[in-house]
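Heads up: the structure comes next, in C-alpha cells.
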Amino acid sequence: MGRVLLGVSSSIAIYKACELVRELRKAGHEVRVVLSPFSERFISRLTFEALSGHKAYVDWEEDPLLHINLPRWSDLFLIAPCSVNTLSKVALGIGDNLLTTCALSHKGALLVAPAGNVEMYKNPAVQENLRRLREREVTVIEPEEGKLLCEEEGQGRLASVGRLLDWVEYALRPKPLRGKKVLITAGATREFIDSVRFISNLSSGAMGFSLARVFRWYGAQVKVVAGFTTAEEPPEVEVLRVTSAQEMREKVMELKDWADIILMNAAVADYRPSTSFLGKLKKEESLSLELVKNPDILLELGQQKGNKVLIGFALEEEEYLIKRGEEKLIRKNLDALVANPLSVMGEKSYRGVLLLRDGRTFPLQAEDKLKSAEALLLTLTKELLKDLLQVHLKPL
Ligand code: CTP
C-alpha cells in the first residue's frame, strides 16, 4: 500500500494524529512522522515512534538531507493537524523547520487538514493562504463545524480520523473516472403499515456506501440515494435520504439524466401495504395486510437506458446464482449485474459474481465490503467502462 509522510503541527487536535497513525497502519500503509518543534510540547515524538514503528523527527539530527529524503521516500504528504501558522508558512513557501522544509521539497500529493480556533481560521490572512494552497492543487481537508475546545462554536475542528483516512486512500488512487457522474442507491427501503411500524429488510447500506467511497477515490463525482442504513456514511459524498421505494423511485428518476453510471445497490422492498394507517393500529385477534407491488426502479431505468451504464445487484440462491442473474440482466436491460449468494447478507466478508451482457463472468471475493467494492470497480473499469465510456486505468 502507500507510504505516508505525516506532518503534525501544534494544535490540541494532535491527539487525533495518534489514532490516525494506528488506523493508517491497520489499513496497510507505512507511516513516518515529522513534528513541528512546538508540537512536541503537546505529545512527545516517542509516542509517534511507538505507533508508527519508525523514528519520528523534529529536526535534522544525524541526516542533513532529511528534508529531501523523507519526501522522496513518501507517496504523499499529509499535514494533520495543520495549525494556521504551518498552513500559512506552507502557502508562502517558508521553510523554517523540518516539517515546512519537507513541504517545500515534496513533489507528490500534498494534503493539509487545518485545525484551530474559528476566529483564527476565518482570519482573512489565513483564508487568503488557503486560497493560495488550493490554487496550487494542494488538497485542503476542511475542518468540521462544532463546539471547539475554546468553548466557541464554528468551523475549526480537525477532520475526523475516518475522513482523513478516506482522503489518503483518495490521494493514492489514479483518477480514470474523473468527469464521470455516478449515482448509487444504498440501504433498505421502509414500507409503513402505520405511523410506527414498517416492512423492511436486513440491508445495512455497507456495500452501497463502500461503492460510493471507491468511485470517489477513482475520480468520479458521486451522489447516493439512501434508504435506511446502519453503515457509516461515505465522507465527501452527497447522500440524499429517502424512506420508501416510491420515494426512492422519485429521487432516482429526478437524478437519472445527471448520471453516466447508475449502480442500483439498494435493497428495495418489492411490496408495500396497500394503505398506511395514520397513527398506531390497535391490537386485534388477527391482522391481515394487503400488499401491493412496488415500482421496479431498475426495470424502469432499463426501459429508458439511453447511453447510461446501468448496473444491478441481485441476491440469489447459490445453485441459481448465474442462471437467474443472467435472466435478470437481460430482463432489466442492464450492462452488468452482480449476483450475490444469500449467505452474503449480514456477513463481513463478500462473495459474488459479476455478469456482463456478453456472457462473460468474473468471480468476486474479498474479506470486506470496501475491498470487494474496489475489486468490482477495477473489474468494471477494465472489462466494461473501458469500451462504454473510454476510461483507462493508468497508474498515478
Ligand atoms: N430493484 C429495484 N426496484 C425494486 C426491486 C429491486 O430497482 N422494486 C433493483 C435492486 O436494487 C437490484 C435489482 O433490482 O439492483 C434486483 O433486485 P431483486 O429484488 O433481486 O430482483 P427482483 O426483480 O425483485 O426479482 P426477484 O424478486 O424475482 O428476485
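Positive-end ranking of 307, 5, 24 along the dipole of the chain, with charges on Cβ about the Cα centre, is headed by 307.
Considering only 44, 148, 361, and ranking their Cα positions along the charge dipole of the chain that arises from unit charges at the beta-carbon of Lys, Arg, Asp and Glu, the one farthest toward the positive end is 361.
Which number do you get for Rg(Cα) / (2.2 N^0.38 Å) in the chain? Let's see the in-between values first.
Details: Rg = 24.4 Å, N = 396, 2.2 N^0.38 = 21.4 Å.
Here the answer is 1.14, to two decimals.
Evaluate the relative contact order of the chain (contact order divided by residue number), counting alpha-carbon pairs under 8 angstrom at least 6 apart; express in whole percent. Let's see the in-between values first.
Values: 840 pairs, mean separation 43.0, N = 396.
Result for the chain is 11 percent.
With the charge dipole of region 3-172 set up from +1 on Lys and Arg Cβ and -1 on Asp and Glu Cβ about the Cα centre, the Cα lying farthest toward the positive end among the listed residues 117, 102, 133 is that of 102. If I fit a long axis through the Cα atoms of helix 245-255 and take the longest principal axis of the Cα atoms of the chain, what angle between them do I get, 0 to 90°, rounded to 10? The answer is roughly 60 degrees.
Taking the Cα centre of region 3-172 as the origin, how large is its charge dipole in debye, to the nearest 20, when only Lys and Arg (+1) and Asp and Glu (-1) carry charge on their Cβ atoms? Don't jump to the answer; show the numbers that get you there.
Values: 20 positive and 23 negative charges, 55 e Å.
So the magnitude is around 260 debye.
Of all DSSP beta bridges confined to the chain, the antiparallel ones make up roughly 30%.
Close amide-amide hydrogen proximity is noted between residue 109 and 77, each under 5 Å apart and 5 or more residues distant or on a separate chain (H modeled in the peptide plane; Pro and chain starts excluded).
By count of other Cβ within 10 Å, fewest leading, how are 150, 82, 18 ordered? Mind showing how you got there, number by number?
Working: 150 13, 82 30, 18 18.
Fewest-to-most Cβ neighbours within 10 Å comes out as 150, 18, 82.
Between 369, 55, 175, find the one with the highest GNM mean-square fluctuation for the chain; connect C-alpha pairs within less than 10 Å. Of 369, 55, 175, the most mobile in the Gaussian network model is 55. Taking a straight Cα-Cα cut-off under 19 Å and skipping sequence neighbours fewer than 8 places away in the same chain, the aspartates and glutamates within cross-link reach of residue 107 are 30, 75, 96, 135, 137, 169. Note on the chain: with a GNM built from Cα contacts shorter than 10 Å, the maximum mean-square fluctuation among 359, 312, 325 falls on 359.
Of the beta bridges DSSP finds with both residues in region 52-175, what % are antiparallel, to the nearest 5? Provide the component values of the computation, followed by the final result.
Values: 4 of 11 bridges.
Taking every DSSP beta bridge within region 52-175, about 35 percent pair in antiparallel fashion.
Between amide H atoms placed 1.01 Å from N, distances below 5 Å from residue 199 occur with 191, 192, 193, all of them 5 or more places distant or on a separate chain.
Computed 3J(HN,Hα) for region 188-195, one whole-Hz value per residue from the Karplus formula 6.51 cos²θ - 1.76 cosθ + 1.60 where θ = phi - 60°, is 10, 8, 10, 10, 6, 8, 9, 6, glycine and proline marked x.
Helix 206-217 and the longest principal axis of the C-alpha atoms of the chain enclose an angle of approximately 50°.
Throughout, read-outs are computed from the coordinates displayed, never taken from laboratory work. Everything numeric in this text was worked out from a predicted model, so none of it was measured. Positions of Cβ are generated from backbone atoms using ideal geometry, with glycine treated the same way; all protein chains shown enter the neighbour counts.
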